[in-house]
Each structure stands twice: as structure tokens, then as C-alpha cells.
Amino acid sequence: MRFSKLFIPTLREEPADAESISHILMLRAGYIRQLAAGLYIYLPLFQKVLNRINAVIRQEMDAIGAQEIVMPALHPAEIWQQTGRWDTIGDEMFRLKDRGHRDMCLGMTHEEIVTWLASREIRSYRDLPQVWYQLQTKMRDEARPKSGVLRTREFMMKDSYSFDVSEDALDRNYKLHAEAYHRIFERCGLQFMQVESDPGMMGGAISHEFMAPSPSGEDDVALCESCGYAANVELARSIPHKKETKIRDPEEVHTPEKRTVEEVSRFLKLSSSDFIKSLLMISDDGPVLALIRGDQALHEKKLSKKIGNHRPAHKEEVKDILGVEAGFIGPLGQKIRMIADECLKEGVYVCGANKQHYHMSGIAAERDFTPEWHDIHVAQEGDLCVNCNAGLTVRRVIEIGNIFKLGTKYSEPLKAYFLDENGNEKPIIMGSYGIGPARIAAAAIEQNHDRDGIIWSPDIAPFHIEILPLNLNDKKTVSVAEKIYNELSESGIDVLIDDREVRAGVKFKDADLIGIPTQVIIGEKNLKNGLVEVKDRKTKTSATIAIEEVTERLKSG
RNA sequence: CGGGGCGUAGCGCAGUCUGGCUAGCGCACCUGCCUUGGGAGCAGGGGGUCGGAGGUUCAAAUCCUCUCGCCCCGACCA
């Protein structure tokens, strides 16, 4: 295509509203424009990238026997009410009424709809398995859209759903999806990993996420290099590294006005890991004292699994319930429920003495207090792997895909049943699987760029080759450029030719910015020797090649 | 939803504290000349409800009140 005919509004300066690299570059290179918070217009170049990514996705989904369908983005409330999610999902769901005052919503996902379809059409085990997928817009009223295309309120998703007769059959589809996802992300040129994840509101028992490492991500994963354990820190288990302590026998120590772990540890010249942090939580069943080591953070989700809904107690509540100010509370002599992190089983610690301006040192669990034991800390860099005891690393990542084993969470309430070979009615066993194409593109940019702009991998680049005729007033330049352009185009290669009447510098800058993998530079000096220059965007290395040979060389890659 | 920042030409910004004359700069844009291997140069030109509403004042981009929007941190997040 011709640059002069394509809408590629590049920006010389960095947009003020963008912070993450992919956001800045997509705006500067003329790929997207923002309409409102979390809403973007995809310009021609970005649409071409998405088409490429979606083509890869379709190929790999088709290859595992998935069938493409399209479901509405606008849903009647009834179906969501049947699964209960109409009520459990809050402001994140866009809700509206139609002219007949019926409640409707914009689909944030399609489990309900696809299960409704299955419930009407699937009768027999002979109809199974089925795998249906779509590329469809999702709407979520995100509390905080951010980082350009990474977190938006309206976005395309490839979502697929598997329907099986048994858990074993589900396992097969789950595995097929995992393998297909690996191929998709590899073909898109991404660095990525598969990690265990928290099923969250999707329900179901097992789920994994596909993560692309990037500082612009919103999730953290814990990784064990030695055994391969990889999990979202939302559920990652770990063993905090042990520390020798100098503390011995129980002893009351005066700690005037020292309330936080930091304050007391500095005052007593001890490490924060020598402390027990006591946090009073109010659960639906009453107060609970959560105990974690001073250098660790409480994991709210892990705690929720033990005590249900809870919130931190207010300052006044701490005084009312425990009789002492929050800075000096501890597990000794408590009658309320106590849940301690497992790493406190061993060692001797300092904790609040339940007495204003005093702490207790030399405290050991089981001897001095008896809590319930659970893993309730957030896994940190340097913790040890629960499987092999090696050190864990924690990395920031972008979630680019996920796979869930749903089981019967949706088939039961929506009555998606089938008759098995014995004539017994059973709920269909389901799985659901998502990929965000725009996130793939953004992650690719985050992982592959330099000071000058984007560096696309050839599989998802908007064009394969960009031709830069530097001086359009030179007839030879134009004729050679057009000749190469025509030959490459005819052989099926997607070529962009910068035929704009602008100076060479502008063409170079824009070419580097938009990131087409290969540049063919046509300048007068080389032409005099019968040569053109072929330059690699990533390495910035170039070779001069005879005019007659260029097309063949480029065709062969 | 809590905390912070910002709204002045298409983009990036100055001016706001301390009210005052025709609201300014760079880039982009239009015309002409010139130039053509890393965002050239010269000359001329167009473009503004200063986010919006109300108020104070002889006078408001500037002060006050309300409101809308956008970004960042946190909470939240199929």
C-alpha cells in the first residue's frame, strides 16, 4: 500500500496522557487514538496488526477442532439472573433497559449465553464434545482503565468454550487449548509463561493464565527456576526464608510510642523478620486475629478462603475488642479466633504485649499461644519454593490469556444436560478459554521496541516490508522503487511504500517508529552503483544488494 | 471509591501564585521559493467559547463556588 493513501498520523512529540511504552508508541506511531477513558479507536495500522493476530488465533483454534460462532454483545438479564451473576457482579457490568423496560446488559463474557445455547441444542452424549469460539467485543465498566490498550472498557476477546461428557474429556480439551495457546503466543513472537491462577469469579477448580513479562503489567507471578513452579501471587504458595534470631526467653520490653513493626524493630535493633505482625480483622463471624511475620504481607485472598468476607478493624474496634491500642496488640492470652501464617511455627519472636507501650520478646508459637495454621502471606522474591526449596523470583507480567475448568458451574443452573449411554441425565462438563488480541499486540510492543519506536515480529507486523524512495524528484529512484514494490506485491508480500513528498529524514523516523521489520532504502548514491539498501529494523544492520536481486532475496526471507 | 496531578490552537507547553493593554512560544497546517540519506531553510498566512456553569470585580486564563473530563498511585478486576 501507499503511505500517501494510508491514514498514519504519526506524532513527533510524546503524548502527555500516556505513560506505558506500548501506549506512547501506539499513539505516536499512529496506531490508535483515544475516544474516552478506556475507549480507543483502532486506526488502519493497528487494525492490520489485529487482523494478523486474529488470523493466527483462528488457525490454531480451528486446528484443535474449535468452531467459530458469533454471539450477541447485548444480553437479556434473565440468563445472567439464572446463574446468579446478575447480582454478584457489581458496577463492572454495563446495564441498560430496552424500550420495553426489560433489563439488559452488555456482555463482559459469554459463559451464560453459550451455555444457554448448549442447553437448547445438546441432548445426547453423541452430540459431545463441542468446542465453540468467537472473536467478540466485551464490555466491562472497569474501575480504572489504564495503560492504553492494556486495560480498556471495550475490547475484543477470543473466547472459547468446551462441552464434554466427563472430567477426563474436559482435561483433554483443556490440554488442547493450553497447547494451542502456546503455539499462538510463540507465533506472535511473545516471551510468555503459563502459570497457575485463581479462578476468581469464574468459579471452577483449576485455571491457568498466560503471562507476558513486562514492567507495564498488572499482575505478579512467582517462579521457581529449578522445578518450574509458576503461579500468580494471588495464590502462589511459598516458604519465607528462615532467619536465625538472637532472642531467647520471654521478656516484657518497654517500647514507648513504638507501634509499627518498622518503629519497634529499629528501636530494638532487630530485623523485621523477628516480629509477629498482629492484624485484627472483622469477619462475618466476628473478630479474627491474623498473625504474619513482620517482613511479610498479609494475603487477603488466602485469608478469605479461611474466614470468608472480612475487613480490617477500625482503630476504635481494636480498643473495644482487645482492650489496647492497635500498635501493641499480640496473640498472647487472646480468646478470639487466631490464624497464623505457617512460617511462624518455628522461631522466637517479638510481638505486642497487649499493654500500652510494651512488646513481648522471646515468644514461640504453640508454647506461648495456639493459633490455627494456614499459608496467609503473599509470596515474595527470595521466598523458597514449596516443592523443591529453591529460591523464588517474582516477575511483573501482562495477562494475555487464560484457561478455566468450569465443571458444571454454568451447566447446572442453566440446565444444560445430556443423556449418557445409560440414559442418565447429566450436566455438561465445561471449560472456558480467553485470549486478548489487543493485549498480545501491546505486550509485543512492550517486549520489542527501542528508542526509535516499535519493532514488530514479522508474523504480526502490519506490513512485511517498507520501501523508502528517498528522493521522489529523482526518476530513477521512483522507477526502481515502483518496480520492487510491484514485484513484491505480486508475490503476495504485504509491502508499504513511502511515496510521500517529504524529506528523507522524515521517512526514516516514521519507518523506525511504526516498526515494519524490513526497510528497503532507495537512494541516489547507491542507485548509481546499481544497488539498494536492505535494513533490518531490529538490528539496524543493513546490506546493499544489486537491484535485480532484491526481490528474490526478500521473497526468500 | 480513596489519594495525587492536569485541562490554554491538531500536538507539546508558557502565562495562573501577585487580576489589567491585541493570550504567547515550538512543532504541525496553508501559499511561494529553495532543498532531498536521519523529523531542513527563508518569506508570508490561517487557526483560541483559556474544559463548562455561576459568582466577585471597573476589569478574570488568572480569585471564589459548583461541575465535567483525562492521567497516575491504591482499592477493585470474567
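The values are calculated or read from the model by the stated rules, or taken from the named source; none is laboratory data. All values derive from a computational prediction rather than experimental measurement. Ideal geometry is used to build each Cβ from the backbone, glycine not excepted, and the neighbour counts take in all protein chains shown. With ligands, DNA and RNA removed, areas are computed over all heavy atoms of the protein, side chains included. Shrake-Rupley method; radii C 1.70, N 1.55, O 1.52, S 1.80 Å.
For every helix of n ≥ 4 consecutive DSSP H residues, a contribution of -39,500 (n - 2.57) applies; sum these over chain A, divide by its total residues, and give [θ] at 222 nm rounded to the nearest 500 deg cm²/dmol.
Values: 14 runs with 147 residues, N = 557.
Theoretical 222 nm ellipticity from helices: -8000 deg cm²/dmol.
Using the Cα centre of segment A:31-98 as the reference point, and only Cβ charges (+1 on K/R, -1 on D/E), how large is the resulting charge dipole? Debye, rounded to the nearest 20.
Working: 7 positive and 8 negative charges, 77 e Å.
Around 360 debye, computed over segment A:31-98.
For chain A, the cysteines with no partner cysteine C-beta closer than 4.7 Å are A:Cys105, A:Cys188, A:Cys343, A:Cys351.
Report, in listed order, any pair from A:Lys258/A:Lys305; A:Lys5/A:Lys476; A:Lys48/A:Lys540; A:Lys269/A:Lys301; A:Lys277/A:Lys306; A:Lys138/A:Lys305 with a Cα-Cα distance greater than 27 Å. Intermediate values should be presented prior to the final figure.
On the way: A:Lys258/A:Lys305 32 Å; A:Lys5/A:Lys476 22 Å; A:Lys48/A:Lys540 24 Å; A:Lys269/A:Lys301 32 Å; A:Lys277/A:Lys306 18 Å; A:Lys138/A:Lys305 29 Å.
Exceeds cut-off: A:Lys258/A:Lys305; A:Lys269/A:Lys301; A:Lys138/A:Lys305.
Remark: relative contact order (segment A:451-557) = 32 percent; criterion is Cα-Cα distance under 8 angstrom and separation of 6 or more residues. Note that segment A:496-501 has calculated 3J(HN,Hα) couplings of 10, 10, 8, 9, 6, 7 Hz, one per residue in order, obtained from phi through the Karplus relation 6.51 cos²θ - 1.76 cosθ + 1.60 (θ = phi - 60°); glycine and proline are x. Determine the dipole magnitude for chain A: charges of +1 sit on the beta-carbon of Lys and Arg, -1 on that of Asp and Glu, nothing else is charged, the reference point is the Cα centre, and the result goes in debye to the nearest 20. The calculation lands at about 1080 debye.
What FRET efficiency comes out for the pair A:Glu251/A:Glu317, r = Cβ-Cβ distance, R0 = 25 Å, nearest 0.05?
E between A:Glu251 and A:Glu317, to the nearest 0.05, is 0.25.
Length available on full extension from A:Lys426 to A:Ile41: 0.36 nm per residue minus the Cα-Cα distance, which gives 134.1 nm.
For segment A:465-555, the Cβ-based charge dipole about the Cα centre amounts to some 380 debye (Lys, Arg positive; Asp, Glu negative; other atoms uncharged).
Could you sort A:363-375, A:393-405 so that the peptide with the highest average Cβ count within 10 Å comes first and the rest follow in order?
Details: A:363-375: 16.8, A:393-405: 22.5.
Sorting A:363-375, A:393-405 by mean packing, highest first, produces A:393-405, A:363-375.
Counting only protein heavy atoms, what percent of the accessible surface of segment A:465-555 is carbon or sulfur at a 1.4 Å probe? Don't skip to the answer; put the middle values down first.
Working: 2150 of 4350 Å².
About 49 percent, which is the carbon plus sulfur part of the accessible surface.
If R0 equals 22 Å, the separation of the Cβ atoms of A:Lys306 and A:Ile206 corresponds to a calculated FRET efficiency of about 0.60. Here chain A carries DSSP beta bridges of which approximately 80% are antiparallel, counting only pairs with both residues inside.
Let me know the shape class of segment A:465-555, please: from the alpha-carbon gyration tensor, a ≥ b ≥ c as square roots of the eigenvalues, rounded when a/c is under 1.5, otherwise prolate if a/b is greater than b/c, or oblate.
Working: a/c = 1.24, a/b = 1.02, b/c = 1.22.
It comes out rounded by the Cα gyration axes.
Listed values for segment A:442-451 are Karplus-derived 3J(HN,Hα) couplings in whole Hz (6.51 cos²θ - 1.76 cosθ + 1.60, θ = phi - 60°), namely 5, 5, 4, 5, 4, 8, 9, 7, 9, 4, and x replaces Gly and Pro. Protein heavy-atom accessible surface, 1.4 Å probe, per residue over chain A: 46 Å². Each part reduced to its alpha carbon centroid, segment A:351-418 and segment A:48-76 end up 36 Å apart. Just check segment A:203-329 against the gyration tensor rule for me: Cα atoms, a ≥ b ≥ c as the square roots of the eigenvalues, rounded for a/c under 1.5, and otherwise prolate or oblate depending on whether a/b exceeds b/c. Oblate shape, in that a/c is at least 1.5 and b/c is the bigger or equal ratio. Mean sequence separation of contacting Cα pairs (under 8 Å, at least six apart), scaled by the length of segment A:187-294, corresponds to a relative contact order of 16 percent.
Value of Rg to Rh for chain A, rounded to two decimals, is 1.07; Kirkwood radius and Rg both from alpha-carbon coordinates. Helix A:167-187 and the longest principal axis of the Cα set of chain A meet at an angle near 50°.
Between 0 and 90 degrees, the angle of helix A:475-490 with respect to the longest Cα principal axis of chain A falls at about 60 degrees.
Sparse packing (at most 14 other Cβ atoms within 10 Å of the Cβ) combined with a DSSP loop state is found for the following trypsin sites (Lys or Arg not before Pro) in segment A:430-536: A:Arg451, A:Arg503. Amide H to amide H distances under 5 Å link A:Met93 with A:Asp141, where only residues 5 or more positions off or on other chains count and H is placed in the peptide plane. With an 8 Å Cα cut-off and a minimum separation of 6 or more residues, compute the relative contact order for chain A in percent. Value for chain A: 17 percent. Couplings for segment A:352-362, taken from phi via the Karplus curve 6.51 cos²θ - 1.76 cosθ + 1.60 with θ = phi - 60°, read x, 9, 6, 8, 3, 6, 10, 10, 10, 10, x Hz in order; Gly and Pro are left as x.
Cα gyration tensor of segment A:23-163, axes a ≥ b ≥ c as square roots of the eigenvalues: rounded (a/c below 1.5), prolate (a/b > b/c) or oblate? Please report the intermediate quantities before stating the final value.
Working: a/c = 2.69, a/b = 1.26, b/c = 2.15.
Judged from the Cα gyration tensor, segment A:23-163 comes out oblate (a/c at least 1.5, b/c at or above a/b).
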